[in-house]
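Okay, structure first, notes after.
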There are 2 protein chains.
Amino acid sequence: MLRHKEPYVLYRKLLGFYPTDIHLYEQACLHRSSSICEQGRRINNERLEFLGDAILDAIVADILFHKFKTSKEGFLTNTRAKIVKRESLNEIAVKLGLDNFITYSMRTSSHNNYMFGNAFEALIGAIYLDKGYRYCKKFVETRIIDPYIDLEKISKEEFNFKSRLIEWGQKHKVDIEFALIETIVDQDNNPVFQSQALLGGISGGIGIGYSKKESQQNAARIALNRIRRDKNYQQSVLATQENGNNTIVT
Amino acid sequence: MLRHKEPYVLYRKLLGFYPTDIHLYEQACLHRSSSICEQGRRINNERLEFLGDAILDAIVADILFHKFKTSKEGFLTNTRAKIVKRESLNEIAVKLGLDNFITYSMRTSSHNNYMFGNAFEALIGAIYLDKGYRYCKKFVETRIIDPYIDLEKISKEEFNFKSRLIEWGQKHKVDIEFALIETIVDQDNNPVFQSQALLGGISGGIGIGYSKKESQQNAARIALNRIRRDKNYQQSVLATQENGNNTIVT
């Protein structure tokens, strides 16, 4: 953690511009383990993360829409998912040096969670509130996409849908499980696997494949698509958070 | 479908402003069943829908962030999901009169899908490209949220899943029962209940909760979702009507 002696100068170095309202950026860097109390409520970066997550999705959608002028919607959706996945955002946060700005309690392990990536999203929320949408889009283009992301290359990479779904579950505190439903054989007697993705115990889709792994990948792909497209389904799944995350699926 | 005699005037009436690039709006209203071919590729509203979906999510996130200044991220996520769910967007599209603008093939049934809601998202994408983010946000605020969505009310709406499931059972003459499966304790020694919803004796889902009521609500929610999503399951349940409506299978 840096000592905030000259915070404007430090943030200028991180962002490439001077903050107008520096409190927004400070809040973006406040992990919930170090929440501060103000008038009885806990202040941390989670609300800004909610906002920044949506703004980043929109900005990346716009960039891809213009970059890949003839590509279909499915391609655009998949390419965006690869860019905004937690692992990548965590890496970008570290490359930017954002990790040095984050205030968190030592009890919290920085492993196995996406504290930096989440703070990066909160930072996007802070820039949006402080400077507006266009400024924020420019920041994403010039400070994130141009230096760190090869759009052509990433668009061609094969996507690990299963780990993306598990990440989504971790972020939203929803249990993700895969159940092997059945193994059948095709007309040539090759085994065919059927796996179901369960999100908070609710079926997200059934995938088929010639290996268990392939069937899980397909189930995860269907489930991720359903979360994005079907807000009723998303809502049902999110409602399972409140159960204390102890869902047992048999 | 309207005849495009005076398209600028018609769009003015729909949108409240004159389009700059009318082709964007025409494309937003082009369902994939009526795709047109241009240089070997199919043009329809699906790419705009991808963009508009993200822009709408961002705008609604911003509106909720400012409206509910002290609410947590989970509340904001759930409230947004209620606003942008497909059913609501479909309704909004019809209220706006957007359904009259959509070009689609007659073979496509307008029932059981969300053609209008999808076109509404594409329209948001078109406004964003034509007029920019701020203009688009203003459109959402003044033409969608203010007239059609009561944010306070929608944020408080909680579904009573159990009574909705019982209603469904009465309507379809299917027995609805709830069975308490087990009571366990979580890591803090709080009791956790597991209830199963039985539809015509067939398990519809297992819900977990810190009260029996909560666990039943969750089980009912899962079961309602399964009826809607899983037509095989729905058929199995409806088949129990014929068994004299008393079947209980454990």
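The values are calculated or read from the model by the stated rules, or taken from the named source; none is laboratory data. Since we're looking at a predicted model, the values are computed, not measured. Please note: Cβ atoms are built from the backbone with ideal geometry, for glycine as well, and neighbour counts cover all protein chains shown. Please note that ligands, DNA and RNA were not included when accessible areas were found on the heavy atoms of the full protein model with its side chains. Shrake-Rupley method; radii C 1.70, N 1.55, O 1.52, S 1.80 Å.
Shape of the range A:122-250 from its Cα gyration tensor (a ≥ b ≥ c, root eigenvalues): rounded if a/c is under 1.5, otherwise prolate when a/b > b/c, or oblate? Please list the in-between numbers first.
Values: a/c = 3.35, a/b = 1.58, b/c = 2.12.
The shape class here is oblate.
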Inter-copy label distances at B:Ile36 (7 Å, Cα→Cβ; nm, one decimal): 5.7
Whether the protein assembly as shown is rounded, prolate or oblate, judged on the alpha carbon gyration tensor where a/c under 1.5 counts as rounded: oblate
Distance between modelled label sites at A:Thr20 and B:Ser211, nm, 7 Å Cα→Cβ extension: 4.6
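With +1 on each Lys and Arg Cβ and -1 on each Asp and Glu Cβ, and nothing else charged, work out how big the dipole of chain B is about its Cα centre, in Debye to the nearest 20.
Numbers: 35 positive and 30 negative charges, 115 e Å.
For chain B, the charge dipole is close to 560 debye.
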Highest-MSF residue in chain B out of B:Ala61, B:Ala239, B:Ala126 [GNM, Cα springs under 10 Å]: B:Ala239
Nearest-10 value in Å² for the accessible area of A:Val9, using the 1.4 Å probe: 80
GNM result for chain A, Cα springs below 10 Å: residue of A:Asp230, A:Asp188, A:Asp99 fluctuating most strongly: A:Asp188
Highest to lowest packing among B:19-30, B:196-207, scored as the average C-beta count within 10 Å: B:196-207, B:19-30
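Keeping the other protein chains in place, figure out the carbon and sulfur percent of the accessible area of the range B:161-243, with a 1.4 Å probe. Before the final figure, lay out the partial values.
On the way: 1980 of 4290 Å².
Ligands and nucleic acids excluded, carbon and sulfur give 46 percent.
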Surface per residue (accessible, 1.4 Å probe) for chain B, Å²: 51
Charge-dipole axis of chain B as Lys and Arg at +1 and Asp and Glu at -1 on Cβ define it, positive-most pick from B:Leu15, B:Ile154, B:Leu198: B:Leu15
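At a 1.4 Å probe, what is the % contribution of carbon and sulfur to the accessible area of the range B:7-156? Before the final figure, lay out the partial values.
Numbers: 3290 of 6770 Å².
Looking at the range B:7-156 in its full context, I get 48 percent from C and S.
Calculate the dipole size of the range A:161-243 relative to its Cα centre from +1 charges on Lys and Arg beta carbons and -1 charges on Asp and Glu beta carbons; express the result in debye to the nearest 20. Display every interim value, and only then the final one.
Details: 11 positive and 9 negative charges, 92 e Å.
Rounded to the nearest 20 debye, it is 440 debye.
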Chain B: translational diffusion in µm²/s, Stokes-Einstein, Kirkwood Rh over Cα pairs, 37 °C, 0.692 mPa s: 156
Fraction of beta bridges assigned by DSSP in chain A that are antiparallel (%, nearest 5): 95
Residue among A:Val185, A:Val94, A:Val140 with the largest mean-square fluctuation in a Gaussian network model of chain A, springs linking Cα atoms under 10 Å: A:Val185
Selection from B:Thr142, A:Asn189, B:Ser34, by position along the positive dipole direction of the protein assembly as shown (Cβ): B:Thr142
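Could you tell me what % of all Cα pairs in the range B:43-184 have separations over 24 Å?
Working: 4448 of 10011 pairs.
Summing the P(r) of the range B:43-184 above 24 Å gives 44 percent of all pairs.
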Spatial separation of Cα centroids for the range A:31-54 and the range A:140-213, in angstrom: 30
Other copies of A:Ile149: label-to-label distances in nm, shortest first, labels 7 Å along the beta-carbon direction: 2.5
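Roughly how much accessible area, to the nearest 100 Å², goes out of reach of solvent when B and A pair up, both sides summed, probe 1.4 Å?
On the way: alone 15160 and 14310 Å², together 24870 Å².
In total, chains B and A hide about 4600 Å² from solvent.
So if I place +1 on the C-beta of Lys and Arg and -1 on the C-beta of Asp and Glu, and nothing else carries charge, what would the dipole magnitude of the range B:46-100 be about its Cα centre? I want it in debye, nearest 20.
On the way: 9 positive and 9 negative charges, 70 e Å.
Its charge dipole is roughly 340 debye.
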Beta bridges by DSSP in the protein assembly as shown, antiparallel share as percent, to the nearest 5: 95
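Could you compute the FRET efficiency for A:Lys156 and A:Asn100, with r as their C-beta to C-beta distance and R0 at 30 Å, rounded to 0.05? Kindly include the intermediate steps, with their values, before the conclusion.
Details: r = 33 Å, r/R0 = 1.11.
The value I calculate is 0.35.
In the structure shown, do any of A:Lys131/A:Lys231; A:Lys137/B:Lys69; B:Lys72/B:Lys213; B:Lys131/B:Lys156 have a Cα-Cα gap over 26 Å, and if so which?
Values: A:Lys131/A:Lys231 30 Å; A:Lys137/B:Lys69 24 Å; B:Lys72/B:Lys213 24 Å; B:Lys131/B:Lys156 33 Å.
Going by Cα-Cα distance, A:Lys131/A:Lys231; B:Lys131/B:Lys156 fall outside the 26 Å limit.
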Calculated FRET efficiency for the pair B:Glu6/B:Lys138, C-beta based, R₀ 35 Å, to 0.05: 0.90
Candidate residues B:Lys173, B:Lys67, B:Lys162: accessible-area rank, largest first, probe 1.4 Å: B:Lys173, B:Lys67, B:Lys162
In order through the range B:146-157: 3J(HN,Hα) via Karplus (6.51 cos²θ - 1.76 cosθ + 1.60), integer Hz, x for Gly, Pro: 4, x, 10, 10, 8, 4, 4, 5, 5, 5, 9, 4
